[in-house]
Amino acid sequence: MIRVLQVYPQLNNAGTEMVIMNLYRNIDKEKIQFDFLVQKEGELDEIIKKMGARIYYIDSENDYRKKLRKFFKEHKEFSIVHTHMHREMGEILKQAAKAGIPFRIAHSHNARTDLPQIAKLYKIITGYNTEKYATHFVACSEEAANWLFPRKYKQAVVWKNAIEMDRFIFSDSVREKKREELGIPTSAKVICHVGRFAEQKNHKRIISILNDIVAQEEKIYAVLVGVGPLLDEIKKISISDRIKFLGNRTDVPEILCASDVFLFPSLYEGLGIVAVEAQTNGLNCLASTNVPKSADLGTGCFKQLKLQEGNTEWEKVLVNLLDKTDINERKKCSLKALNTEYNIKIIAKKVQDFYLQLGRIDNE
């Protein structure tokens, strides 16, 4: 069996972590087992341990470099280190290389366009270690590869942020049940957003648009899923109890079934896994042009607008998509998604073969 060390800041119920969780659930654990190196405890720790993984904790305070050096010296069982931490990625890869770990994978999950100049300079400087010490480069999209590995992006392989699509297929009965639970009338139209309440997801723009729409249309509701540092601030500027803040949820597929349109005006994304989930559910998805085009599954449910367009245009398109909602068409779109490369069954086999190939090389 090959043990792969996955390196994360923390294992929470969020987009990037769910990418690796989807893979972990679908690989052959008799051939490959994941272990995790994290900085602090997270929401998924107990679930992951029950799946057979070991979790190691190293906080980033007081000489993180020294702690990494000690960890890799004590754990010679790993021949593959796969890091998903953008900020400390270069240092992790450097210390793994110094410890003699032969395969060091750098994985880009984002493509930020909003960084201030000083942060861009910091990324360039720290990025040299990432590109110097990584033996393999992986990204969720070409945009994400070019952003984190600007000098090595052509060497990167793209692993789509695949999902367990069967969980997200649209269901009439689930739609009715979840609407009843959420207190949303059967005849209402529902706009949905799923994402951490942080600057990246552009919640101030979201709530501005939603406030306008619900003020004009009594039969339109909105549901916002997620938690984060901006949650309290956004709640304060919401004008209606028809805009529902649902917090951190484990029933996102069911909430998508209860919705009619997915709103996704992000400032930046590496891919936008929730947009893939929404399209798999057959939802029409309205995203900003800052979301990579590769997030479009090609089922006819994905539309983009520039953030420079005013609220009036965003609201007009949203209402038009709500008016065009058709359950039968939605079911067709949902089923089409199963045959795309975002199906976890397809990607898990690809990733598994990749790790096994590295394991064979190590044993030669």
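A few remarks follow.
- Filtered residues of region 184-225 (kept if touching a Gly at 6+ places or on another chain (Cβ under 7 Å) and farther than 20 Å from Asn284 by Cβ): Arg196, Phe197, Ala198
- Filter result for the condition that a residue is among the aliphatic types (A, V, I, L, M), touching a residue at least 24 places away in the same chain (Cβ under 8 Å) and assigned to a strand (DSSP E or B), over Leu286, Leu267, Leu271: Leu286
- Residues of region 24-48 satisfying the condition of being over 19 Å from Thr250 (Cβ atoms) and either aliphatic (A, V, I, L, M) or open to solvent by 10 Å² or more (accessible area, probe 1.4 Å) (or both): Ile27, Asp28, Lys29, Glu30, Lys31, Ile32, Gln33, Leu37, Val38, Gln39, Lys40
- Scanning region 102-116 for residues that are over 20 Å from Ala14 (Cβ atoms) and modelled with pLDDT under 95, we see that the one that is least open to solvent (accessible area, probe 1.4 Å) is Leu115.
- Search result, residues across region 310-330 that are under 16 Å from Ala278 (Cα atoms) and either part of a loop (DSSP other than H, G, I, E, B) or among the small types (Gly, Ala, Ser) (or both): Thr325, Asp326
- Boolean, Ala337 is at pLDDT 95 or above, small (Gly, Ala, Ser) and surrounded by 15 or more Cβ atoms within 10 Å (Cβ to Cβ): no
- Here is the figure for region 278-292: residues that are open to solvent by 10 Å² or more (accessible area, probe 1.4 Å) and under 20 Å from Ser108 (Cα atoms) total 2.
- The set of residues from region 144-180 being touching a residue at least 24 places away in the same chain (Cβ under 8 Å), part of a helix (DSSP H, G or I), of a type in the set (Lys, Arg) and closer than 26 Å to His107 by Cα comprises just one member, Arg167.
- Enumeration of residues in region 251-277 that are open to solvent by less than 10 Å² (accessible area, probe 1.4 Å) and of a type in the set (Ser, Thr, Tyr): Ser259, Ser266
- Of all residues in region 294-304, those being in contact (Cβ under 8 Å) with a residue 24 or more places away in the chain and surrounded by fewer than 16 Cβ atoms within 10 Å (Cβ to Cβ) number 2.
- Note on region 331-353: residues that are in a helix (DSSP H, G or I) and touching a residue at least 12 places away in the same chain (Cβ under 8 Å) total 16.
- Filter result (of a type in the set (A, V, I, L, M, F, W, C) and in a loop (DSSP other than H, G, I, E, B)) within region 181-203: Ile184, Ala188, Phe197, Ala198
- Checking Leu263, Leu305 one by one, the residue that is at pLDDT 95 or above, more than 19 Å from the chain's Cα centre (by Cα) and either polar (S, T, N, Q) or over 26 Å from Trp159 (Cβ atoms) (or both) is Leu305 and no other.
- Any hit, region 204-225, residues being in a loop (DSSP other than H, G, I, E, B), under 30 Å from Ile347 (Cβ atoms) and open to solvent by 10 Å² or more (accessible area, probe 1.4 Å): no
- Yes/no for Val319 being under 19 Å from Met21 (Cβ atoms), aliphatic (A, V, I, L, M) and open to solvent by 10 Å² or more (accessible area, probe 1.4 Å): no
- Just one of the numbered conditions (1) assigned to a loop (DSSP other than H, G, I, E, B); (2) in contact with a strand residue (DSSP E or B) (Cβ under 7 Å, 6 or more places away or on another chain); (3) among the aliphatic types (A, V, I, L, M) is not true of Ile239: (2).
- Subset tally (residues that are on the phi < 0 side of the Ramachandran plot and surrounded by fewer than 14 Cβ atoms within 10 Å (Cβ to Cβ)) for region 164-193: 9
The values are calculated or read from the model by the stated rules, or taken from the named source; none is laboratory data. As the structure is a prediction and not an experimental result, all values here were calculated from the model. Virtual Cβ from ideal backbone geometry, glycine too; neighbours counted across all protein chains shown. Each accessible area value is taken on the protein alone, full model and side chains, heavy atoms only, with ligands, DNA and RNA left out. Shrake-Rupley method; radii C 1.70, N 1.55, O 1.52, S 1.80 Å.
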